[in-house]
Amino acid sequence: MTAYKELTTRSAAAILPTYGAQPLAFTRGQGTRLWDSEGRQYLDFLSGLAVTSLGHAHPAVTAAVTAQAATLTHVSNLFLTEPAVALAERLKDLLGWADGKAFFCNSGAEAVEAALKLARRHGKAQDPGKVGVVALEGAFHGRTLGSLAVTGNQAKREPFAPLGEWVTHVPIDDPAALTAAVNAQTCAVILEVVQGEAGVRVVDDAMFTAARKACDKHGALLIVDEVQTGVGRLGSWFAWQQTPVVPDVVTLAKALANGLPIGAVMAHGAANQALVPGDHASTFGGNPVMCAAALAVLETIEADDLVEHALDMGKELEARLDALIASSTLAVDRRGRGLLQALVLAEPLSADVTAAALERGLVVNNVAPDAIRFAPPLTVQSGEIDRMAALMGDALEAVAAKGATP
Ligand SMILES: *Cc1c(COP(=O)(O)O)cnc(C)c1O
C-alpha cells in the first residue's frame, strides 16, 4: 500500500469528514516546491491558501521559531512577553497608525470575532441597540458562529442557521444599497478588498467610499478583513492602502506567520478605546513563538523588498493568465490583484482543471466551480510563473479535449 493510501484509510477512521477527498499527502516543502508521500515534486501556486507567503521552510522563520521555542513558548497574557509587544509595534508602524493597538489571537475567524466584539462594544457605548453589522454578499469572514453570521455565502450559512438578526448583506457592487443599509443601529461595516473565497472578486472603490461615509455619519466602525489580502499579497503591505479610505479596524491572519497559527486585530482612533480589561481574551493569543515567527516574516518581507516584488510578479502572473485566455477556449477571463488572482472558465470545470494541474505537478485551487485561484508565495520568480503557465496550459487543453468527468 502506498503511504498516501495508508494515510487516507487512517484519516477516514480518525478525522471528522469536514473536508472533501484529499488527492495526495505532502511530506516536505522548500520555497515554491512541495514533495508528496510518493516522492513527486510540485510547484505550489496556492501557498496553503495564501498562507506560506515566504515559501515553505523559509530559513528566517525556521530560525526565529527554533530560537524562541528553545527560550520561552508560553506564559499566558497574565504576563508580558517581548515578542507580542514588538509585533504590535511593528504592525502599527507598517499601518502608519501612530496610535494603533493590537489584539492577538490564533486564526482569521477569531480575528473577525474580536473585531465584531470590539465594534459592538463601541456601538453599545453610544446606544444599547447599536449592534447591527453590514456585510457584503459573497463575503467570507470565517466559520465560527459570529464570523459565519457576517459571511455572505448561503451554502456555508444555512446548515448552521439561525445566525442572528443583526447582520444585513448587500450586493458587492451597490454603494447605494450599502449606504441605505447603514443606520443609527449599525455598529460596523465589514468589507474585504478582494473577496478571496468568493472566487477572487475585487470590491469596487465606490463601496469603500460609501462605507466610510456611512460609518462616519452614523458613528459605526469600518472593518477591513485583511485575513487573505494583508501582509503584501496584493502588492501593498495592506490591501486597504489600494482603496480611497482608511479603515478603523483591520483583521490579519493567514500569511502573518508563514504557516504558524496567528490572528491579529489592529484598531486605531476611537476604535482602540472600545475594549477594557475582561472584555476579550485568548489563551494562546500573542504567544511568543507565533509572534517571533510573524516578526521574522515582516522583517524578511521588508529586507527583501517582497511587497514591490509581489507587485511586479503580479503583473507577470496577469500577463501569463492573459496569454492562457488567448490560447485556450476554456479560459475566458481573469480577476484579482497582485498575487491573488483567478482564472475564469467558460464552463464549471475548475475541479477538473485543478485535478489535471495536480497530475502535472502544479498546485492551484478551484475556488469556485468556474474559477481557479492562484496565490503563489511573494517570493515567486519569473521562471516559476512561466512553468506554471506551461503546466496550466496543458491542464486546460486536456480538460477542454475530454470535457467534464462524469
Ligand atoms: C480565510 C479567511 C478567514 C478565516 O480564517 P481562518 O484562519 O480560516 O479562521 C476570514 N476572513 C477572510 C477574508 C479569509 O480569507
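Taken together, the values in this text are just the output of simple stated rules run on the coordinates, not laboratory data. The structure presented is a predicted model; accordingly, all values stated were derived computationally and were not measured. Counting neighbours? That spans all protein chains shown, and the Cβs are built from the backbone with ideal geometry, glycine included.
Remarks
- Fraction of beta bridges assigned by DSSP in the stretch 101-227 that are antiparallel (%, nearest 5): 15 percent
- FRET efficiency for Ala13 and Asp312, using Cβ-Cβ distance with R0 set to 45 Å, rounded to 0.05: 0.45
- Listed from fewest to most Cβ neighbours within 10 Å, the set Tyr42, Tyr4 follows the order Tyr4, Tyr42.
- Degrees, to the nearest 10: 350-359 long Cα axis against longest axis of the chain: 60 degrees
- 12 Å beta-carbon shell around Pro171, net charge (K/R +1, D/E -1): -3
- A cut-off of 5 Å between modelled amide H atoms, ignoring neighbours fewer than 5 places along the same chain, links Gly132 with Thr186, Cys187.
- Normalised by 2.2 N^0.38 Å, where N counts its residues, the alpha-carbon radius of gyration of the stretch 115-195 equals 1.04.
- Note on the stretch 1-85: dipole from Cβ charges, positive end direction compared against Leu24, His56, Leu78; the farthest Cα belongs to Leu24.
- Principal-axis tilt of helix 108-124 within the chain, Cα atoms, nearest 10 degrees: 20 degrees
- The chain: angle of helix 82-95 to the longest principal axis, Cα-based, in degrees nearest 10: 90 degrees
- Note on Asp386 and Gln241: with the Förster distance fixed at 25 Å, the Cβ-Cβ geometry gives a FRET efficiency of about 0.30.
- For the chain, the tally of Lys pairs with Cα-Cα distances below 25 Å comes to 21, considering only residues 8 or more apart or on different chains.
- Residue ranges 307-318, 66-77 sort as 307-318, 66-77 when ordered by packing (mean number of other C-beta atoms within 10 Å per residue, highest first).
- Ordering Ala206, Val150, Thr229 by Cα displacement along the dipole of the stretch 150-269 toward the positive end leaves Thr229 in first place; charges were set at the Cβ atoms of Lys, Arg (+1) and Asp, Glu (-1).
- Given +1 at the Cβ of Lys and Arg, -1 at the Cβ of Asp and Glu and no other charges, the dipole of the chain around its Cα centre is 800 debye to the nearest 20.
- Residue among Ala357, Ala293, Val380 farthest towards the positive dipole end of the chain, charges placed on Cβ: Ala293
- Here the dipole of the stretch 258-322 is about 400 debye; that uses its Cα centre as origin and unit charges on the Cβ of Lys and Arg (positive) and Asp and Glu (negative).
- Among 46-52, 178-184, 296-302, sorting by the average number of other beta carbon atoms lying within 10 angstrom of each residue, highest first, gives 46-52, 296-302, 178-184.
- Computed helical MRE - 222 nm, the chain, DSSP H runs ≥ 4 contributing -39500 (n - 2.57), nearest 500: -12000 deg cm²/dmol
- Met1/Trp35 FRET efficiency (R0 25 Å; Cβ-Cβ; nearest 0.05): 0.85
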